[in-house]
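The values are calculated or read from the model by the stated rules, or taken from the named source; none is laboratory data. Note that this is a predicted model, so its numbers are computed, not measured. Cβ sites come from the backbone with ideal geometry, for glycine too, and all protein chains shown count toward neighbours. All accessible areas refer to the heavy atoms of the entire protein, side chains included, with ligands and DNA or RNA removed. Shrake-Rupley method; radii C 1.70, N 1.55, O 1.52, S 1.80 Å.
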Amino acid sequence: MSLRDAGPPIALVVIFGVFAVLSPDFRTVSNVQNVLDAAAVLAVVTCGISFVLMMGSIDLSAPGIMGAAAITVALLAANNRNDNDLGLLAVAVAVLLAAALGCLSGLALVVLKVPSFMTTLGISAVGLGLATLMFAGVQPNVSDPMLEGWAVERFLGLARLTWIALACVLVGALVQRYTRLGRYAFAIGGAEEVLALSGVRVAPYKVAVFTMAGAFYGLAGVLVTSQLGAGLVQAGRGYDFSAITAAVVGGTLLTGGRGGILHSTVGVLLVTVLTNGLVQVGVSPYWQGGVQGLIVVAAVAAAVIPQRRRNQVTK
Amino acid sequence: MTTNLRAQPASKVPAPVPALEVRGLVKHYPGVKALDGVDLVVRQHEVLGLAGENGAGKSTLLKALVGLVRPDGGEIWVRGEKVRLKSIMDAADHGIGMVFQEQSLVPNLTAAENIVLGSEGPGVRRGVYRWNTMRRLAQEQLDKIGSHIDPLARTDTLSFADRQMVEIAKVLRIEERTSHPPVIILDEPTSVLESKEIETLFTQVRRLREFASVVFVSHRLDEVLDVCDRVAVLRGGQSVGELPAADAAPAELHRMMIGSTGSEDHYHGAAAEGSDEQSDEPRRPRLVVRGLTGKTFRDVDLDVHAGEIVGIVGVHGSGREDVCRALFGAEPTTAGEVVLDGEKLDLSGTRAACAAGVGYVPAERKTEGMVGPMSVADNMTLTKQHARCTGPVVRPRKQATLVDRWIERLSIRTPHRGTAIQRLSGGNQQKVVLARWLVAGDVRLLLLDHPTRGLDIGARSEVYRLMRELAAGGVATVLLADSLEEAIGMSDRIVVMSDGRATAEVAAPAGGKPTPLDLVKEMV
Amino acid sequence: AATLTGCTEQAGGGAAAGGGDAACDPADVTLVGQVRNESNPYEAAWLDGGDAFAEQVGLTQERLTYDGDSTRQQEQISQLLAGDTECLVMNILPNGDSDTPPIVEGAEEAGAYLVTQWNKPADLNVTDYDQWLSHITYDGVESGKQIGDALAEAIGGSGGIVALQGILDTGAAKDRFAGLEESLAANPDVELLDDQTANFSRAEALEVTKTLLTKHGDDVKGIWAANDDMALGALEALQQAGRDDVAVVGIDAVPDALTAIQDGTMTATVSSDGPWQGGIGLAIGYCVATGELAAADIAAEDRAWFAEQFLIEQDNVADFVSPEVSEDDFACDNLFSRSQGAIS
Amino acid sequence: MSAPVLATPAPDAVVLARPTVGQRLTSFMPVIALVVLLAALTIADPSFLTLNSLTAAVRTSAPLVVLAAGATLVVLCGGIDLSIAALCSLATVFFALWLPDLGGLTTLAIIAVTAAIGALQGVAHVLLRIPSFIVTLGGMSIFAAVALVISDAGPIRVVDRDATNWLTLYVGGVVPMAFVVALVVVAVISLVLRLTPLETWVRATGYSESAARLGGAPVDLVKVAAFTVSGACAGLAAVMLVSRNFSGSPSMADNLLLPAVAAIVVGGTAITGGHGSLWRSLAGALVVTLLRVGLPIVGVPSAWEQILYGAIIVAAVALTLDRSKVLIIK
Ligand SMILES: Nc1ncnc2c1ncn2[C@@H]1O[C@H](COP(=O)(O)OP(=O)(O)OP(=O)(O)O)[C@@H](O)[C@H]1O
Ligand SMILES: Nc1ncnc2c1ncn2[C@@H]1O[C@H](COP(=O)(O)OP(=O)(O)OP(=O)(O)O)[C@@H](O)[C@H]1O
Ligand SMILES: [Mg+2]
Ligand SMILES: [Mg+2]
């Protein structure tokens, strides 16, 4: 890892250290576990969004796709609304639906040539609409033991879904480093026009990246459902911006071509530590959002200082 | 010696099928006929030079040959077979590959990935990268051209010249793709290379001839004649003829390119004109640099008088580009003082430099020199408000008149001043960038980083004449030349830099020019 | 052509009717119910209640949702009021207190009949308006106090509790928290360890509760949540933390909370009867529009009133599991039967 | 001391390149999209197309138009301003708090203060080299927190309506004053851009920041100015919202962020910077407003409304984006 990537991890360590000094409650093992558990869903969403950001595109579809996946899995696994009991298959269907929605935004991007900002915003609305249709006024509660177990059962002190998230990060990192899809996503962010000059058709890779991102959001929606024990239309509310924030804080550039899954995961931890730490040290709920915003800006500022150049382009 | 291309085959015995043949190729762009019925034959195992002024249509023709430009008319034949090239991959399958005029590598990938990009072969199996294989494949290509760069280095950490080598290594992959002898197209590959690297490249080109055909474009006519077997000339989108390279002189080629007689010894001639009056009395230096220190250079002292052109020469990594940028406020400095006309120059930013009358032409035109989608007029008047405004208000008339005059003055080939600059040929783009500093007529110090990169010989003479005129008008110029010859020809004095320090100074008055060898001695 | 002929207060050709006395034909009445969204059970049930009433009088309800977006609510209302307002009846859930005044002014100007619920600035008087027939709400202070007391009782009168507040700038969140404070004053041995906001959201409540549980550990004996969604999120957090010794209370009586109370995992909630709310607002407007009830005849204390609410605990939860809305509740002479008195 | 450069320029010889029909059509696309949408809504519900209804729609759109206009400048520079909505909310609170003391001057004070806040963000972006996305995201949460605290977490009634009454009037009896003000804002900013070198600088910054900087354009100043204008527009939009809601509230405008950015994109402005205009954003804001209010009013059920909204907004951009200007779509 080069020097310019060192900023976010250092910021993470510093912030962690400051909270640990300020609050004895913060530095307990159980709280660290809690932070990791709390980071799980965001980490999965961020895995997906990182690939999109790496390409230089943006993705706001997480809330809609997560909502649709959450309701789908809740209605297909054992629940109080119908007699379905598909278990793992329900998860698979939800993730597939999510991937299909992601694919749709990718297709709209490459076929209609509409910027991803808009296609994903549109798909998010479509996802929420689908979710609302399926929701039909009655909360589906999940009674599937496997899904419930994910949130409750622990392995080495961490909830199962934290391990699932960890696996996602690992898979994401491997895909980024060792597959053509991952490296091309990275390359598209670096110089899309050059790929075309080298005879690479970028459109399929773009669609594939959005599809993969959709699948990650779908899984995240499933995880939220398992945590809450119920399928919520709002399962993904706010995850679009928090995931982008986490990725950017971790050093993934919005203009593409820099950073990656591991960077973003550092960002996820940073954001989660902040949220948790501010509660632990007892910052007033009125101020928490503001303080968090300030620290995020400060952290990014500190992280970019070593790479500041004259004539540097910051968008 | 001019012959009609299609009418007369070069030899009496029935020639083998040409590797590539173009018949009556036509391509229109809004307002331009980029190609107007071009004919071209590339024989097997030959190096064909392609010459022509900026905007003559060379790049367009070559892009049509690799399927990037879809022609509006005409035919392309590959080894006696008529083809319709739909994409670059299509062309590669026919054994045609190209190194582009503007660099085209993905900056955030490794050199190895760039080299195999799009045809990874065994480097990728079922979508999964095999880094070791990939590195081996890349290494093989790099070995072919004798380059020693690390295949796993990120491309954006490489120097411009190394990146050019990567491009060449990349195009050579075409050998692996096709069983036929390939056709390899090099569009101005040497414009950014140092002489040593050019030698390496030429060795490669000659080696390629053993098993391939090469199309070679360069504005350095001596180079073209040196490496090529035959030279075809384009003018205004039409083929105007061809020459065997062996017994042709640059002047003859130049005459064919422009359709009339041109001056031969362009820099020396120009230098002689302007330099008479300046050797007389020693004047106070216009620019005084003392102890300038930055990240890549230390303790640089430099004096430039009004009306003087000072060349800085040095190998890659000598820090000369950064000194230039620092003087323009685009690179931070940690120590040192710069005085322009007796006043301390504010190095805090480019605006301050502009306001003080400093102008800068960056080497990387595409990303730093011009704003691609904006019009020629807007690019030309980007900096100098009073060139187009009365008070704070833009006067479109004033702007238009001024811009049109400069378009005319520098013979910039553009359909209209409102045309997006990215639609111009590379050379014409460069002229617009240069004109930016001249429109207001208030420039005192001009920093030129490879100002003639990619310019044709005519345009280059014009730029030289322009530099001379500016110098005669009192402008102090710092020149980072394209070649040692250019530096010697244009400069009144040459500063040699190596490892971030100014190590020597060589006077180069008209009539007392040093030889390249003198400079090389100082450089090493 | 410079058409700046002058500025007037009114748009268009003065379409706004004076509203009022000319009774509408029942078939001409337009019924509109507007809530935040249909993706939560309470508000979906509200709209269903409105549909039920509409069916009862042989009409259909126009269902509007604004996704919790104040500006969008205003935009929809002004668009609605720009249409035909002669016999328009609106039963509106304003997004926040500040959203009520413009809705009221708009309805007044356009002559549409308006009933609002839940949110209203305290100093805005219904009696100052003709078209704003009634404002109905539940006494948030009372509900906050009721569940606070129930919680205190469930933890045996002493111990630490944490509070999950709603969206901080809503009246409901503030009133309910004020009720909790009253309850705390009455139960001096109950200690409020921490209060955080979870924005009425189940997911946020889950995270916040987890953090609070690690922060305060076994000191937490009870969780007071300003609505049932957050209470349900807290329950999940407790389950995941393996804690079954913590009492949880909420407000709203959503179906899941009732189930939880039946199961004994949750202690108490307070009823807010969505289907009734969806119907009653339309019913009041309908009765006035058709002339069966004169606006002037509505008593001042029925212009802004607290509706009846019940504390639901395990012993009485069975009565609330399937809320019954009877047609009688919406009869024009029985509209205000659930009133617990005027809003002070 | 300036050098006498090339005293004899050649006389004019200008070829005129007129825009082709296709090019003209693409620049009118936002308006076409607007008309098509209006027609579709009218077909769905013929009573939608009344003077009253249109008046209400444009009145409704005014704050969105103003917000989008300001943010368009930032987008043209290649950045993004996520703080506009939160700043607007904060400004409504300021307005309500200051009105009793400042009276008629409040509007000006609000615009000045929000402009200053915008400038501050611009300076932070430029000096610290933090992406505008992050600076304004931070700004968003900070403004929200400040608004929450100073308003005591609740709406503040505005009793004295004289200060905002002018915005609720109608010009010529039909055109809402708020919309006229929004039009004036768009027109004035557009004109200033057009008549000064600012437009070139803004576009150059958006298309290629490093080329603009090395070309001597005042990139940093231009960016700070864009954020300043964006802030000022947020203040003006706040005044409009207060005039409509008779109160200030700490989250009043928060939900306008995505619609405002959507308006910019729907207008065909490139989110990557450089290409676009305020007029496009005006049309975009009207399209977005029609979608927000029109779909439910013509009776589309809530769930389908969202699905339709998603589909139409994508289709609208597909129509309005001038792909000859934006070569790579990210
Ligand atoms: N994409 C385009 N759109 C419009 N016009 C173009 C485009 N590409 C090239 N042209 C025009 O076609 C003509 C030929 O350009 P081309 O790039 O082929 O010239 P060239 O011979 O390669 O010049 P140089 O030596 O400067 O590279 C020029 O007038 C140029 O302006
Ligand atoms: N198996 C391997 N063998 C050799 N090199 C490898 C292997 N896997 C990865 N690499 C190197 O690691 C890099 C993978 O990209 P990655 O983005 O992780 O780079 P990085 O060093 O983190 O750069 P930056 O963080 O600056 O973007 C490649 O550049 C490649 O050189
Ligand atoms: Mg990396
Ligand atoms: Mg060329």
Q. Straight-line reach from residue B:58: which lysines have a Cα under 20 Å away, not including same-chain ones fewer than 8 places off?
A. B:27, B:33, B:86, B:366, B:431
(Q) Straight-line reach from residue B:398: which aspartates and glutamates fall under 14 Å, measuring Cα to Cα and dropping same-chain residues less than 8 apart? (A) B:378, D:12
Q: Work out from phi, with θ = phi - 60° and the Karplus expression 6.51 cos²θ - 1.76 cosθ + 1.60, the ³J(HN,Hα) of each residue of region D:125-136, listed in order in whole Hz, and give x for Gly and Pro.
A: 4, 6, 6, 7, 6, 9, x, 4, 4, 6, 4, 7
(Q) If I ignore ligands, DNA and RNA and count only protein heavy atoms, how much of residue C:123 is accessible to a 1.4 Å probe, in Å² to the nearest 10? (A) 100
Q: Compare the Cα positions of D:237, B:124, B:475 along the charge dipole of the protein assembly as shown (+1 at Cβ of Lys, Arg; -1 at Cβ of Asp, Glu; about the Cα centre) and return the one farthest towards the positive end.
A: B:475
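Where the accessible area of the protein assembly as shown is counted over protein heavy atoms with a 1.4 Å probe, how much of it, in %, is carbon and sulfur?
Working: 30400 of 53200 Å².
Within the protein assembly as shown, the accessible surface is 57 percent carbon and sulfur.
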**Q.** Accessible-area ranking of B:82, B:398, largest first, probe 1.4 Å
**A.** B:82, B:398
Q: Among C:307, C:279, C:336, flag the residue with its Cα farthest along the positive direction of the charge dipole of the protein assembly as shown, charges on Cβ as +1 for Lys/Arg and -1 for Asp/Glu.
A: C:279
**Q.** Interchain or long-range residues, amide H under 5 Å from residue B:497's placed H
**A.** B:313, B:314, B:503
Q) Which residues' amide hydrogens lie under 5 Å from the amide hydrogen of residue C:83, considering only partners 5 or more residues apart or on another chain, with H built in the peptide plane? A) none
Q: List the residues of region B:435-450 that lose 50 Å² or more of accessible area once all protein chains are present, compared with their chain alone (1.4 Å probe, heavy atoms only, no ligands or nucleic acids).
A: B:441
Q | Simple label model, 7 Å out from Cα along Cβ direction - residue C:244 to residue D:165, nm | A | 6.7
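For peptide D:55-61, compute the average count of partner chain beta-carbon atoms within 10 Å of each residue's beta-carbon. Before the final figure, lay out the partial values.
On the way: counts 5, 11, 4, 1, 5, 9, 1.
Average per residue, whole number: 5.
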**Q.** Accessible-area order (highest first, 1.4 angstrom probe) of the listed residues B:33, B:384
**A.** B:33, B:384
Q. Taking θ as phi - 60°, what are the ³J(HN,Hα) couplings along region B:356-370 by the Karplus curve (6.51, -1.76, 1.60), each to the nearest whole Hz, with x for Gly and Pro?
A. 7, x, 9, x, 9, 10, x, 6, 8, 4, 5, 9, 10, x, 9
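Treating only the Cβ of Lys, Arg, Asp and Glu as charged (+1, +1, -1, -1), what charge dipole size does chain B show about its Cα centre? Round to the nearest 20 debye.
Values: 65 positive and 70 negative charges, 413 e Å.
The calculation lands at about 1980 debye.
Rounded, prolate or oblate for region C:175-223? Axes are the square roots of the Cα gyration tensor eigenvalues, ordered a ≥ b ≥ c, and the cut-off for rounded is a/c under 1.5.
Working: a/c = 3.24, a/b = 1.30, b/c = 2.48.
Cα axes put region C:175-223 in the oblate bin.
What's the total accessible area buried between chains A and B, using a 1.4 Å probe, rounded to the nearest 100 Å²?
2100
Could you report the buried accessible area between D and C, both sides summed, computed with a 1.4 Å probe and given in Å² to the nearest 100? List each step's numbers first, then the result.
On the way: alone 16400 and 15160 Å², together 28060 Å².
Buried surface at the D/C interface: approximately 3500 Å².
Please compute the average number of Cβ atoms from other chains found within 10 Å of each residue's Cβ in peptide A:137-144. The partial results should precede the final answer.
On the way: counts 10, 5, 11, 0, 4, 0, 0, 0.
Partner Cβ neighbours, averaged per residue: 4.
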Q: Calculate how steeply helix B:457-472 sits against the longest principal axis of the alpha-carbon atoms of chain B, using the helix alpha-carbon long axis, and give the answer as 0 to 90 degrees to the nearest 10.
A: 0
**Q.** Global form of chain D, assessed from the alpha-carbon gyration tensor, a/c cut-off 1.5
**A.** oblate
Q. Which residues of region A:82-120 bury at least 40 Å² of accessible area once all protein chains are present, versus their chain alone (1.4 Å probe)?
A. A:112, A:113, A:114, A:115, A:117, A:118
Q. Setting aside same-chain residues fewer than 8 positions from residue A:206, which lysines have a Cα under 16 Å from its Cα?
A. A:113, D:330
**Q.** Rounded accessible area of residue A:178 (nearest 10 Å², 1.4 Å probe)
**A.** 90
Q | Per-residue ³J(HN,Hα) for region C:95-111, Karplus 6.51 cos²θ - 1.76 cosθ + 1.60, θ = phi - 60°, Hz, x for Gly and Pro | A | 5, x, 3, 6, 7, 6, x, x, 5, 5, 4, x, 5, 4, 5, 8, x
Q. Nearest 20 debye, what's the magnitude of the dipole of the protein assembly as shown about its Cα centre given +1 on Lys and Arg Cβ and -1 on Asp and Glu Cβ?
A. 8100
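Leaving ligands, DNA and RNA out of it, rank A:222, D:58, D:123 by accessible area with a 1.4 Å probe, largest first. It would help to have the intermediate numbers written out before the result.
Numbers: A:222 0, D:58 35, D:123 60 Å².
Sorted by accessible area, descending: D:123, D:58, A:222.
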**Q.** Global form of region D:216-330, assessed from the alpha-carbon gyration tensor, a/c cut-off 1.5
**A.** oblate
Q.
I'd like the residues of region C:85-107 whose 1.4 Å-probe accessible area shrinks by no less than 40 Å² going from the isolated chain to the full set of protein chains.
A. C:98, C:102, C:105
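To the nearest 100 Å², how much accessible surface do chains B and D hide from each other in total, with a 1.4 Å probe?
Chains B and D together bury roughly 3200 Å² of accessible area.
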Q) Put +1 on the Cβ of every Lys and Arg and -1 on every Asp and Glu Cβ in the protein assembly as shown; which of D:192, C:59, B:399 then has its Cα farthest towards the positive end of the dipole? A) B:399
Q) Between residue A:179 and residues 5 or more places away or on another chain, which pairs have amide H atoms under 5 Å apart, with H built 1.01 Å from N, and which residues are they? A) B:129
Q.
Using a probe radius of 1.4 Å on heavy atoms only, what accessible surface per residue do you get for the protein assembly as shown? Whole Å² is fine.
A. 35
